[in-house]
Amino acid sequence: MATDPLAGVRVLDLTNVLAGPFACHQLAHMGAEVIKVEAPGRGDLARNLGADPELSAAGMGISFLAQNAGKKSVTVNLKDRRGADLLRGLAREADVLIENFRPGVMARLGLGPEVLRQDNPRLIYCAISGFGQEGPWVSRPAYDQIVQGASGVMSITGDADSAPMRVGYPLSDTVGGLTAAMAVCAALHAEPRGAEIDVSMLEATLATMGWVVSNYLIGGVEPAPHGNENTTSAPSGAFQAADGLLNIAANKDEQWHALARHLGREDLLARPEYLTREDRKANRLRLRAELETVLTTRPAAEWESELNAIGVPAGAVLTVPEVLAHPQIADRGMIAHFDDVPGLTRGIEVLRTGVKIDGAPPSVDSPPPALGAHNAEILGALGLTSAELRQLEEEGVI
């Protein structure tokens, strides 16, 4: 099917918490068979994380549920030689392996890319880490907020009074996962197939900061926090309406003229401090105050409708519940519902991906798996009998 472009691709997901699981979440929705290889007895740390303590205690935490639908779960103790051999057996039949251990961990287990790709030269081995597989920070522990701080993101988030401030969701983890998924998809297209991919969350985050970084590298302008202001133009940013904030992006002269006229403030068009884009940028705070004398008289949703109708881009600032309930999201198939989730007594709703292929959202058929739910299916295919599987389980190998 067009919505399953990775059908027939087998991915071993040796990842925890967010960056790696999010990468494999993308691949699963594109049709890949994703086998999550977890530690016996505990699994992915995300199984115990999230806003519902009861689910976390049951090993099906919300953080896990959010990005593991459609995957299969096997449990393998990689520190046991027999477990390492099982992983090598799985890797021989896999197309992709993704891990986000600290650099060097897989090598110490005897499972580094040089070993696994000797067994299977066509294997695409993708390692996600905070800072990459080499460099002076290679051994530093990496969590999203650590990387946000190291990348400069926090230094430009917020305003002069509140910065440095972290972005309100795990930006660097998520960007690192997307970068890994993109690199894996590219490597799957190459011939001869087989590659070692080194994804640095730090570098992946910096790569998304193109305008900010280039203003410094090329223009010599040191990045600074500007809150909700768009520093490239004015009036452009978040403005106060009667009931909340309204984003307006009047970046072109004609948009500025249309905005001023619609607000009944044609007088501003003739004032010398607002004649050009550079004039308006230099006097943006005074201009904001002038516009808000009118904008605060009516709700954001009304201004949003009217301004968009005259060609001035505008949008109310919504909460997460508000945008999820809006038909733009609710009616386009981005939210998946699963009724029968292992270990849960109620259904769940989770996000799919931000892609439509031939008009349809890529999806998966199965809910997030219970820990080790597919041991018999996946490990049995390596030739292990039921008795052997039971013995390995009793001995803590699986």
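Scanning the stretch 206-230 for residues that are β-branched (Val, Ile, Thr) and under 17 Å from Asp161 (Cβ atoms) yields a count of 0.
Mind checking whether some residue in the stretch 200-211 is of a type in the set (Phe, Trp, Tyr), modelled with pLDDT of 95 or more and at negative phi? For the stretch 200-211, residues of a type in the set (Phe, Trp, Tyr), modelled with pLDDT of 95 or more and at negative phi: absent.
Residues in the stretch 205-227 that are in contact with a Leu (Cβ under 8 Å, 6 or more places away or on another chain) and either closer than 21 Å to Ser305 by Cβ or buried (at least 17 other Cβ atoms within 10 Å of the Cβ) (or both): how many?
Keep residues of the stretch 205-227 that are in contact with a Leu (Cβ under 8 Å, 6 or more places away or on another chain), which gives 205, 213.
Checking the rest, the ones that are also either closer than 21 Å to Ser305 by Cβ or buried (at least 17 other Cβ atoms within 10 Å of the Cβ) (or both) come to 205.
Residues in the stretch 205-227 being in contact with a Leu (Cβ under 8 Å, 6 or more places away or on another chain) and either closer than 21 Å to Ser305 by Cβ or buried (at least 17 other Cβ atoms within 10 Å of the Cβ) (or both): 1 in total.
Please go through the stretch 150-164 and pick out each residue that is surrounded by 15 or more Cβ atoms within 10 Å (Cβ to Cβ) and in a loop (DSSP other than H, G, I, E, B).
Gly152, Val153, Thr157, Gly158, Ala163
Those residues that are under 29 Å from Leu318 (Cβ atoms), in contact with a helix residue (DSSP H, G or I) (Cβ under 6 Å, 6 or more places away or on another chain) and in a helix (DSSP H, G or I), I need them from the stretch 258-286; list them, please. Result: Ala260, Leu268, Arg280. Hey, does the stretch 295-309 have a residue that's closer than 30 Å to Pro164 by Cβ, buried (at least 17 other Cβ atoms within 10 Å of the Cβ) and in contact with a Ser or Thr (Cβ under 7 Å, 6 or more places away or on another chain)? The answer is no, given that none of the residues of the stretch 295-309 is closer than 30 Å to Pro164 by Cβ, buried (at least 17 other Cβ atoms within 10 Å of the Cβ) and in contact with a Ser or Thr (Cβ under 7 Å, 6 or more places away or on another chain).
Out of the residues in the stretch 31-57 that are basic (Lys, Arg) and out of contact with any Asp or Glu (no Cβ under 6 Å at 6 or more places or on another chain), which is nearest to Met106 (Cα to Cα)? Only one residue fits best here, namely Arg42.
Pairs linking a residue in the stretch 188-206 that is touching a residue at least 24 places away in the same chain (Cβ under 8 Å) to a residue that is in a loop (DSSP other than H, G, I, E, B) and among the basic types (Lys, Arg), with Cβ atoms under 6 Å and 6 or more positions apart or on different chains, are Arg193/Arg122; Gly194/Arg122. Among the residues of this structure, Val364 does not count as one that is in contact with a Leu (Cβ under 8 Å, 6 or more places away or on another chain), touching a residue at least 60 places away in the same chain (Cβ under 8 Å) and hydrophobic (A, V, I, L, M, F, W, C).
The residue list Leu246, Leu318, Leu324 contains one member that is outside any helix (DSSP H, G or I), under 30 Å from Ala360 (Cβ atoms) and out of contact with any Lys or Arg (no Cβ under 9 Å at 6 or more places or on another chain), which is Leu318. Here the condition is being aromatic (Phe, Trp, Tyr) and within 17 Å of Leu178 (Cβ to Cβ); of Phe64, Phe22, it holds for Phe22 alone. Here is the figure for the stretch 1-44: residues that are surrounded by 22 or more Cβ atoms within 10 Å (Cβ to Cβ) and on the phi > 0 side of the Ramachandran plot total 1.
Suppose we filter Val147, Val115 for residues that are under 16 Å from the mean Cα position of the chain (by Cα) and in a helix (DSSP H, G or I); which single one remains? Lay out the reasoning, then the answer.
On the way: Val115 fails: under 16 Å from the mean Cα position of the chain (by Cα).
The conditions single out Val147.
Among the residues of the stretch 378-398, what is the count of those that are outside any loop (DSSP other than H, G, I, E, B), free of Cβ contacts under 8 Å to residues at least 12 places away in the same chain and closer than 21 Å to Glu33 by Cα? Steps first, please.
Step one: of the stretch 378-398, the residues outside any loop (DSSP other than H, G, I, E, B) are 378-380, 386-394.
Remaining after also requiring free of Cβ contacts under 8 Å to residues at least 12 places away in the same chain: 380, 386-388, 390-391, 394.
Adding the requirement that they be closer than 21 Å to Glu33 by Cα leaves 380.
Count: 1.
A search for C-beta distances below 6 Å between a residue of the stretch 265-288 that is under 15 Å from Asn251 (Cβ atoms) and any residue that is modelled with pLDDT of 95 or more and basic (Lys, Arg), counting only pairs 6+ apart in sequence or on different chains, returns Tyr274/Arg280; Leu287/Arg280.
Kindly indicate whether any position in the stretch 334-348 is surrounded by 14 or more Cβ atoms within 10 Å (Cβ to Cβ), of a type outside the set (Phe, Trp, Tyr) and in contact with a Lys or Arg (Cβ under 6 Å, 6 or more places away or on another chain). Taking every residue of the stretch 334-348 in turn, at least one turns out to be surrounded by 14 or more Cβ atoms within 10 Å (Cβ to Cβ), of a type outside the set (Phe, Trp, Tyr) and in contact with a Lys or Arg (Cβ under 6 Å, 6 or more places away or on another chain).
Somewhere in the stretch 312-324, is a residue surrounded by 14 or more Cβ atoms within 10 Å (Cβ to Cβ) and within 20 Å of Asp267 (Cβ to Cβ)? Within the stretch 312-324 (the criterion being surrounded by 14 or more Cβ atoms within 10 Å (Cβ to Cβ) and within 20 Å of Asp267 (Cβ to Cβ)), the answer is yes, since at least one residue qualifies.
Considering only residues that are part of a loop (DSSP other than H, G, I, E, B) and touching an Asp or Glu at 6+ places or on another chain (Cβ under 8 Å), which ones fall in the stretch 356-377?
At the first step, the residues of the stretch 356-377 found to be part of a loop (DSSP other than H, G, I, E, B) are 356, 358-359, 361-374.
Pro362, Pro367, Leu371, Gly372 - these are the residues of the stretch 356-377 that are part of a loop (DSSP other than H, G, I, E, B) and touching an Asp or Glu at 6+ places or on another chain (Cβ under 8 Å).
Listed by position, the helices (runs of 4 or more DSSP H) contained in the stretch 1-68 that have at least 1 residues being within 24 Å of Ala381 (Cβ to Cβ) and of a type in the set (A, V, I, L, M) are 19-29. All of (1) farther than 19 Å from Asp173 by Cβ; (2) at pLDDT 95 or above hold for Val17 with one exception: (1).
The values are calculated or read from the model by the stated rules, or taken from the named source; none is laboratory data. Predicted, not measured: the structure shown is a model, and the values here were computed from it. Cβ: placed from backbone, ideal geometry, glycine included. Neighbour counts: every protein chain shown.
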